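Structure record follows, encoded as structure tokens.
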Amino acid sequence: MADTATPPVIRRADYAPPAFLIDTVALEFDLIPDRTVVRNTMRVRRNPQASRAARLELMGEQLEFVSAAVDGQPFAGAHAHEHGLLLDNVPDDFELTLTSICDPVANTTLSGLYVSGGNFFTQCEAEGFRRITYFLDRPDVMATYTVTLRASKADYPVLLSNGNLLEEGDLPDGRHFARWEDPFRKPSYLFALVAGKLVALEERVKSGSGKDKLLQVWVEPHDLDKTRHAMDSLIHSIRWDEERFGLELDLDRFMIVAVSDFNMGAMENKGLNIFNTKYVLANPETATDTDFANIEAVVGHEYFHNWTGNRVTCRDWFQLSLKEGLTVFRDQEFSADMAGGASDEAARATKRIEDVRVLRQMQFAEDAGPMAHPVRPESYVEINNFYTMTVYEKGSEVVRMYQTLFGRDGFRKGMDLYFKRHDGQAVTCDDFRHALADANGRDLAQFERWYSQAGTPRVSVRTQYDAAQQQYNVTLTQGYGEAAPAARETQKGPLPIPFAIGLIGKDGADLPLQLQGETAASASTTRVLEFTQAEQTFTFVNVAQEPLPSLLRNFSAPVIVEYDYSEEELAFLLAHDSDPFNRWEAGQRLATRELLTLAARAATGAPLQLDDSVVAAFARVLTDESLSPSFRELALMLPSEAYLAEQMPESNPAAVHAARQFVRKRLANALKGDWLKVYEQHRTPGEYEATPEAAGHRALKNLALTYLAELDDPAEAVRLASAQYDAANNMTDRSVALAALLNAAAANGGSAEAQKALDDFYQRFEKEPLVIDKWFALQATQRGSAQRPVIDVVRKLMSHPAFNLKNPNRARSLIFSFCAANPAQFHAEDGSGYAFWADQVIALDAINPQVAARLARSLELWRRFTPTLRDSMRAALEKVASQVKSRDVREIVEKALA
Ligand code: TRP
Ligand code: ZN
């Protein structure tokens, strides 16, 4: 996009079916790094469902047009232009053969066909296929593909594409070929090829119905020792989808390929998933417990797309959440089942808490800013900008609400009907909703608003107990508060909100629940209230004592709950709520309230103090051996600085940092003995195990170390951290020890130990790019001091020989970590962080617009900050707006400034 004219807006309302359909595609590739020749033979016909178009308009980008033939005859009516190919006066049904050339080595966008580490890879979602060949590159054009790959046998011994291998063999001049066929019709965004020097870990498994399946995880040879966990995750995913949804793998072979240059996490290409190495490679020495869990989740996610996304796909890109929201829901359920099965509520709650944390921290923030959009957006400039927290995470919450309403069995019935109706089709979010409604005999018309309204709903709660009548009234009111303008425009009326509630008695036990009009109390002490109006009162009867309400149990809807709990009530819920999610939630509310009060004081320079009762509430969790270690870790982790800053009337990162640090220090010093005890008790000696239990112990022990590093006298913590660093047999322990040393060094001392560990870490892992990413990230997110602001460290690391702006993982590890995960340093009063940000967005814009646009988003909430910061943020945004060229980044900064 070299032009400066305002890029066009694509609108959902303008959807029209394609004028032509393509039924079969035969692709031939002569793979040469800087000049790959692609011959594409398609069977094309007019779409009976569309009005008659004068010509065929194919999309194409960065292609050199060579020739066109219709039914085998050279065709003179083809006109290539910057965005595609026009073909005049074509027949109604014909064979079209197009030849074009592309340049994979020069392709730094990592969209289309590109070279990474000397091997060829593709990335076609959303609109990368048009960078490979001219095509109707839209998801409602589905075809079967045959792919022939030809390349130098010495340089590219492995040749892969979607589906089944038909044939392979040698060619003259040291070249060879492979021919692949994908029997399933698919949209072009699911096409993939890989060619290069790769090796595979292989397993043969039998599917539920007894068919043999070949599973492969392809990596560079030196990474073969890090593929076991990804393979196990794949096998577990296959079993899980059979058991929970009755969905079987439909190909004879399923391949995962890892690549180190990749824009996102992974891609669900049919039968040939391509993954960022970060979500494949793991062994105990190089990967943390979080990495292991993320790999399981992403492998599951991409595998589950085979049915939710591939067999049933999206009609157009506005329906993206049809596949992404649903597939995130499925991967979340998979991870929960893997950790705790269907019945271990505490283990399931851990996963739920982690997911809700992400939603509230990231999606709620998105909904409060200029990029706010509904789960099914109404318009976009660049679709890559809409692979968002809203489409993915809020979309998943919307799917989860169906399950909350209908139960697991009702949800399953809906899924079964969805596949029965739509297998092989490209459909809409409405189609999914209708399947759920029809399978459960319910009207879900109002539910459509969850797809069309942006902004985070707020539910305020009023309660009233009538002792004489033994009745308890719960009045719920819904609205959006002061939504961002982008969200406000979309809001039309009340949402149907499944609102799960419990009532807790004085002894801490749940009370029986009976709603007015019912003859008896229900078996469960949690009820899902169907809250569908602007305001609604629910009356519980036979309530023998005034209860304490436990609201929105298990976070049954993606909303903000407003209710005036006292500090004592929150402490009581933290100690007693039978719903583990709400137990955690009570602690978070308590901490958030204290931290916001302290931040407001810090903003005015007032002295800070923390009540002993708050310290006591934390101490009870810390020392309660009946709670699982992973729950204790989550409950003792304070809300993030970014989340807290967002809750302030005016975001003040420095004040939030001061408040949060004050509390951390106070908890560290006041509970030193307990932290030390927990640290010793939860060591995991012996061989590393990646199980959730072992990970829970490590997490709690490492949290203790992190708190100990805050002590006024950190000598003991520095000793412990150094010892842990040296003795570690796994990356979780080693990286946390290094982080603790860095933070202690910034605050109080031990800088020699920190530097020693930092140098050791680099040397030890020099040959492991994913670990070197951690080395950069740890430094970018470390605490700064007045003498040593982190921006100086980051600027210096930018010229480290191992830094490389073209590699997205590396760019993220240094630049994104600093700009998005170190708010106190990034938002430095002098604007140095913003100037750095602007330079990097501009530099990335010329290399990789998708990655640049992600970085561009780190300033979008600028209007909510304190005046000084706001002004320098605006200046940085304006600088970027005046210099960037891609429509990706322009959409982001123009929306931010509008
Ligand atoms: N569909 C992918 C997923 O969610 C994500 C994806 C979309 C992607 N566009 C991409 C991945 C571009 C890499 C590059 O699983
Ligand atoms: Zn996905």
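Residue check: M338 meets all listed conditions (1) over 18 Å from V298 (Cα atoms); (2) more than 15 Å from ligand 1 (Cβ to nearest atom); (3) in contact with a His (Cβ under 7 Å, 6 or more places away or on another chain) but one, namely (1). A777 satisfies every condition listed in (1) under 17 Å from Q755 (Cα atoms); (2) over 24 Å from the mean Cα position of the chain (by Cα) except (2).
When the range 279-307 is limited to residues that are of a type in the set (D, E, K, R) and over 25 Å from H373 (Cα atoms), the one that is farthest from ligand 1 (Cβ to nearest atom) turns out to be E285. Those strands (runs of 3 or more DSSP E) of the range 72-134 in which at least 1 residues are on the phi < 0 side of the Ramachandran plot, at pLDDT 95 or above and within 16 Å of ligand 2 (Cβ to nearest atom), considering only elements entirely within it, cover 119-123.
Among the residues of the range 248-272, the one identified as of a type in the set (A, V, I, L, M), surrounded by 22 or more Cβ atoms within 10 Å (Cβ to Cβ) and in a loop (DSSP other than H, G, I, E, B) is L249.
Checking each residue in the range 273-282 for being within 14 Å of ligand 2 (Cβ to nearest atom), crowded, with 22+ Cβ neighbours inside 10 Å and not in a helix (DSSP H, G or I) picks out N273, I274, F275.
All conditions but one from (1) away from ligand 2 (no atom under 16 Å from the Cβ); (2) surrounded by 21 or more Cβ atoms within 10 Å (Cβ to Cβ); (3) closer than 30 Å to E489 by Cα apply to Q403; the one that does not is (2).
Just one of the numbered conditions (1) among the charged types (D, E, K, R); (2) under 24 Å from H81 (Cβ atoms); (3) crowded, with 22+ Cβ neighbours inside 10 Å is not true of E127: (3). Against the list (1) part of a helix (DSSP H, G or I); (2) crowded, with 18+ Cβ neighbours inside 10 Å; (3) not aromatic (F, W, Y), the condition A828 fails is (1). The number of residues in the range 288-301 being surrounded by fewer than 24 Cβ atoms within 10 Å (Cβ to Cβ) and within 12 Å of ligand 2 (Cβ to nearest atom) comes to 2. Quick check on the range 313-330: of everything there that is of a type in the set (S, T, Y) and within 24 Å of R348 (Cβ to Cβ), which residue is farthest from ligand 1 (Cβ to nearest atom)? If we take residues in the range 313-330 being of a type in the set (S, T, Y) and within 24 Å of R348 (Cβ to Cβ), then S321 is farthest from ligand 1 (Cβ to nearest atom).
The residue that is nearest to the chain's Cα centre (by Cα), counting only those in the range 149-178 that are buried (at least 20 other Cβ atoms within 10 Å of the Cβ) and hydroxyl-bearing (S, T, Y), is S161.
For the range 237-270, a residue qualifies if it is aliphatic (A, V, I, L, M) and within 16 Å of ligand 1 (Cβ to nearest atom), and the qualifying residues are M255, I256, V257, A258, V259, M264, A266, M267.
Could we say that I256 is in contact with a Phe, Trp or Tyr (Cβ under 7 Å, 6 or more places away or on another chain), within 18 Å of L193 (Cβ to Cβ) and within 14 Å of ligand 2 (Cβ to nearest atom) here? No. Residue under question is V841, and the condition is that it be buried (at least 22 other Cβ atoms within 10 Å of the Cβ) and of a type in the set (V, I, T); does it hold? For V841, the condition - buried (at least 22 other Cβ atoms within 10 Å of the Cβ) and of a type in the set (V, I, T) - is met. Meeting the requirement of 2 or more residues that are farther than 17 Å from M142 by Cα, the strands (runs of 3 or more DSSP E) wholly within the range 1-69 are 20-30, 36-46. Would you confirm whether or not the range 448-471 contains a residue that is on the phi > 0 side of the Ramachandran plot and free of Cβ contacts under 8 Å to residues at least 60 places away in the same chain? There is no residue in the range 448-471 that is on the phi > 0 side of the Ramachandran plot and free of Cβ contacts under 8 Å to residues at least 60 places away in the same chain.
So which residues in the range 202-238 are of a type in the set (V, I, T) and under 18 Å from A266 (Cα atoms)? Of everything in the range 202-238, those that are of a type in the set (V, I, T) and under 18 Å from A266 (Cα atoms) turn out to be V217, V219, T227, I235, I238. Taking the range 522-535 as the range and being surrounded by fewer than 20 Cβ atoms within 10 Å (Cβ to Cβ) and assigned to a strand (DSSP E or B) as the test, the residues that pass are R527, V528, L529, E530, E535. Say whether the condition of being closer than 20 Å to R408 by Cβ and away from ligand 2 (no atom under 16 Å from the Cβ) is met by at least one residue in the range 319-328. There is no residue in the range 319-328 that is closer than 20 Å to R408 by Cβ and away from ligand 2 (no atom under 16 Å from the Cβ). Has the range 39-50 got at least one residue that is closer than 30 Å to D845 by Cα and under 39 Å from the mean Cα position of the chain (by Cα)? Among the residues of the range 39-50, not one is closer than 30 Å to D845 by Cα and under 39 Å from the mean Cα position of the chain (by Cα), which makes the answer no. Would you call G117 over 23 Å from G309 (Cα atoms), of a type outside the set (S, T, Y) and surrounded by fewer than 22 Cβ atoms within 10 Å (Cβ to Cβ)? Criteria met by G117.
Only one entry in D137, D173 is within 19 Å of M267 (Cα to Cα) and either in the same structural domain as T99 (by TED's automatic domain parsing) or modelled with pLDDT under 95 (or both), namely D137.
All of E382, E378 fail the test of being touching a Lys or Arg at 6+ places or on another chain (Cβ under 6 Å) and within 16 Å of ligand 1 (Cβ to nearest atom), apart from E382.
Okay, residues lined up against (1) assigned by TED's automatic domain parsing to the domain that holds D291; (2) crowded, with 19+ Cβ neighbours inside 10 Å; (3) closer than 17 Å to V299 by Cβ:
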{"site": "K206", "(1), (2), (3)": "yes, no, no"}
{"site": "K213", "(1), (2), (3)": "yes, no, yes"}
{"site": "W218", "(1), (2), (3)": "yes, yes, yes"}
{"site": "H222", "(1), (2), (3)": "yes, no, no"}
{"site": "A230", "(1), (2), (3)": "yes, yes, yes"}
{"site": "I235", "(1), (2), (3)": "yes, no, yes"}
{"site": "I238", "(1), (2), (3)": "yes, yes, yes"}
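The residues listed here are N276, N310; of these, the one that is touching a residue at least 60 places away in the same chain (Cβ under 8 Å), within 14 Å of the chain's Cα centre (by Cα) and either within 13 Å of ligand 1 (Cβ to nearest atom) or within 26 Å of N119 (Cβ to Cβ) (or both) is N276.
Kindly establish whether N40 is among the polar types (S, T, N, Q) and surrounded by fewer than 17 Cβ atoms within 10 Å (Cβ to Cβ). Against the criterion (among the polar types (S, T, N, Q) and surrounded by fewer than 17 Cβ atoms within 10 Å (Cβ to Cβ)), N40 does not qualify. Of the helices (runs of 4 or more DSSP H) entirely within the range 424-512, those holding at least 1 residues that are of a type in the set (S, T, Y) occupy 449-452.
The values are calculated or read from the model by the stated rules, or taken from the named source; none is laboratory data. All values derive from a computational prediction rather than experimental measurement. Virtual Cβ from ideal backbone geometry, glycine too; neighbours counted across all protein chains shown.
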